[in-house]
Structure formats: C-alpha cells, structure tokens
1. Restricting to the range 110-124, and then to whatever is in contact (Cβ under 8 Å) with a residue 12 or more places away in the chain and either in contact with a Lys or Arg (Cβ under 8 Å, 6 or more places away or on another chain) or aliphatic (A, V, I, L, M) (or both), can you tell me which residue is farthest from residue 143 (Cα to Cα)?
2. For the range 103-128, how many residues are open to solvent by less than 20 Å² (accessible area, probe 1.4 Å) and among the hydrophobic types (A, V, I, L, M, F, W, C)?
3. When the residues of the range 34-79 are filtered to those that are of a type in the set (Gly, Ala, Ser) and part of a loop (DSSP other than H, G, I, E, B), which remaining residue is least open to solvent (accessible area, probe 1.4 Å)?
4. Just the residues that are open to solvent by 50 Å² or more (accessible area, probe 1.4 Å) and in a helix (DSSP H, G or I), please, taken from the range 80-94.
5. Is it fair to say residue 174 is surrounded by fewer than 22 Cβ atoms within 10 Å (Cβ to Cβ), in contact with a Phe, Trp or Tyr (Cβ under 9 Å, 6 or more places away or on another chain) and without any contact (Cβ under 8 Å) to a residue 24 or more places away in the chain?
6. Counting only residues that are part of a loop (DSSP other than H, G, I, E, B) and closer than 16 Å to residue 69 by Cβ, how many does the range 101-120 have?
Amino acid sequence: MPIASISLRSLALAGSLALAVSSSALAIGDESDETKPPPKTETTTKCAGGKVWDAKRKECVVPKKNSFNDDELYKAAREFAYAGQYDNALTVLQLARNQNDPRILNYLGYANRKAGRMELGMSYYRKALQADDNYILARSYMGQALVEQGDVQGARVQLVEIRDRGGEQTWAYRSLLQALNGYRTY
C-alpha cells in the first residue's frame, strides 16, 4: 500500500476520532451545565403550599432556616421559581444564611422580576454581579430583563460579557441569544 494512502487514511481516521471526542465532550458539557433549568423533584411534584421535600424524612415540610442548608434552599428556590411559584421561591431564599451568595441574589432577582417587580429584580442581579462578576447566569437573566424592558443594546452587552467569560457554550448564553432573537425565554 502506498505511503500517501496510509497517511490519508490515518488523517481521516484521526479527524473522525477528533470529531467524535469533541461531540462527546460537548454532550458532557451540556449535561453538566449548571445554568440549565432545574429538574423537577418532589418539591414541585408532590408538595403543596410552599412546602419543600425533605429527603431525609421523605416528606414535605415547611422550610425553616435550621432544617436546610443554603445549597438545599437554593435548589428548592430554583425549582419553585422555574415552576412559576415566585412567592414560594422568595420565601425559601429569605431563609438562606448567606444573603450575599450570588446564587441567592440572582434568584431573588429572577423571582422578583417574574413576579412583576422588575426594578427590584434588577437590583438583585446587580448585587449578584457585584459579588461575582463572572456569574453568567445572572448576566443572562439581567439581559433577558433588559430585552423585556426594550434595552436590546444593554442585553447585547450582557451576551458579549457571557461569551467573553467563557460561557458561549452554555444554556445561559443560548437563552439570552434566543431572547434577543424574539423568543420567549426565562
């Protein structure tokens, strides 16, 4: 077999392998994208009245500051917010011990914005970004709020910030891009 044909076959095989590896890496990246909407749990599928699923007790409970850590409260609040239960999300977020956590501030912004309190929501997004200017989800939600307010240029600035901070392959980037293109987002 001529050397040139071996080299071409090797090159084609290497190219196919690189494409397969990069495709699987992209799929893994999509699965681990923490900016994606949260999965539904018992909190929104079984519990009612603002109760939160307690995995240890295996029942719905009224959330209290001493019964859940901030990560658990954050996850429950995200789930409430995405389910349209903004007041429940706000109640849970107020229980977090670290009220300066950018994640808590961001979802205080999101829940208030979605509940119709746009300026209050925007103030929380700004606080989240003061705490962590690389927090791309806060930039995405702020950008979506800016689109809702008609400030397309301000939203584009947030999109560029997300891209420049390495977030171009994330749900946060795609969601804001869709909002800029006229699609309803979060």
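The values are calculated or read from the model by the stated rules, or taken from the named source; none is laboratory data. What you see is a predicted model, and the numbers here were worked out from it, not measured in a lab. Please note: Cβ atoms are built from the backbone with ideal geometry, for glycine as well, and neighbour counts cover all protein chains shown. These area figures cover heavy atoms from the full protein model, side chains too; ligands, DNA and RNA do not enter into them. Shrake-Rupley method; radii C 1.70, N 1.55, O 1.52, S 1.80 Å.
1. Quick first cut of the range 110-124, residues in contact (Cβ under 8 Å) with a residue 12 or more places away in the chain only: 110-115, 118, 121-124.
Filter again for either in contact with a Lys or Arg (Cβ under 8 Å, 6 or more places away or on another chain) or aliphatic (A, V, I, L, M) (or both), leaving 111, 115, 118, 121-122.
On the way: 111: 15, 115: 17, 118: 12, 121: 12, 122: 10 Å.
Here the answer is 115.
2. Pass one, the range 103-128, residues open to solvent by less than 20 Å² (accessible area, probe 1.4 Å): 104-113, 121-122, 125, 128.
Still in the list and also among the hydrophobic types (A, V, I, L, M, F, W, C): 104-105, 108, 111, 122, 128.
Total satisfying the criteria: 6.
3. Per the criteria, the residue is 50.
4. Hits for the range 80-94 are 86, 87, 91.
5. Taking the combined requirement at face value, the residue does not satisfy it.
6. Step one: of the range 101-120, the residues part of a loop (DSSP other than H, G, I, E, B) are 101, 115-117.
This time we only want the ones that are closer than 16 Å to residue 69 by Cβ, so: 101.
Selection size over the range 101-120: 1.
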